[in-house]
Amino acid sequence: MRTAVYAGSFDPPTNGHLWMIERGLELFDSLIVAIGDNPAKHYTFSVAQRLELLRTSTQPCARLTIAHFDNRYLVDYAKLMNADYILRGIRSPHDYEYERVMRHINSDMAPQINTVFLMPPRDISELSSNMVIGLTGPLGWEDNVRRYVPTPVLDALITRNALDKTQAD
């Protein structure tokens, strides 16, 4: 059985992430979508919220597991989960250079685990969670963000934005 881990911060999940998940399910028998939690990083949504956003944004599937890990290397998590592959998205030359180096380091640590790179289509290749967060706030932002995220994420961003405004008042 071919198992892959697709990891990221997913803060928040985007349509680009969903595209990667769909392709991962086409390529592998089992896909683990794992939120990597870095305690030194500031997140918009908690791990529990991001897990819920991923669960509500994806179709239930016996071959798909939504999970999280912290305080360990991705390749070590992949080993722990008996995964054969790490799935990574490449949006730009910068992504490629970073992921190429990480692939070699991961291979040094666990040569039995291969990395598979996928390039998303042009219409979502510039999409990132940071870009989505950066678009929230100004009047009418919902119409702009709607095209980049699944509905549960848009709803969570609207709630978060309203809460932020209330706390600022």
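At a glance:
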read-out	value
Residue identified as over 14 Å from residue 154 (Cα atoms) and surrounded by 18 or more Cβ atoms within 10 Å (Cβ to Cβ) among 48, 34, 40	34
Some residue of the range 28-39 being in contact with a strand residue (DSSP E or B) (Cβ under 8 Å, 6 or more places away or on another chain) and on the phi > 0 side of the Ramachandran plot	no
Unmet requirement for residue 140, which otherwise passes all of (1) in contact with a Ser or Thr (Cβ under 8 Å, 6 or more places away or on another chain); (2) at positive phi; (3) at pLDDT below 95	(1)
Qualifying residue in the range 51-66 (condition: part of a strand (DSSP E or B) and more than 12 Å from residue 31 (Cα to Cα))	no
Tally of residues being closer than 17 Å to residue 74 by Cβ and part of a loop (DSSP other than H, G, I, E, B) across the range 27-42	5
Filter result (out of contact with any helix residue (DSSP H, G or I) (no Cβ under 6 Å at 6 or more places or on another chain) and not in a loop (DSSP other than H, G, I, E, B)) within the range 5-18	8, 17, 18
All positions within the range 51-64 that are more than 13 Å from the chain's Cα centre (by Cα) and either of a type in the set (Gly, Ala, Ser) or under 24 Å from residue 1 (Cα atoms) (or both)	59, 60, 61, 62, 63, 64
Unmet requirement for residue 45, which otherwise passes all of (1) within 14 Å of the chain's Cα centre (by Cα); (2) modelled with pLDDT under 95	(2)
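The values are calculated or read from the model by the stated rules, or taken from the named source; none is laboratory data. If you're wondering where the values come from, they're calculated on a predicted model, not measured in any experiment. Cβ coordinates were reconstructed from backbone atoms using ideal geometry, including for glycine residues, and neighbour counts include every protein chain displayed.
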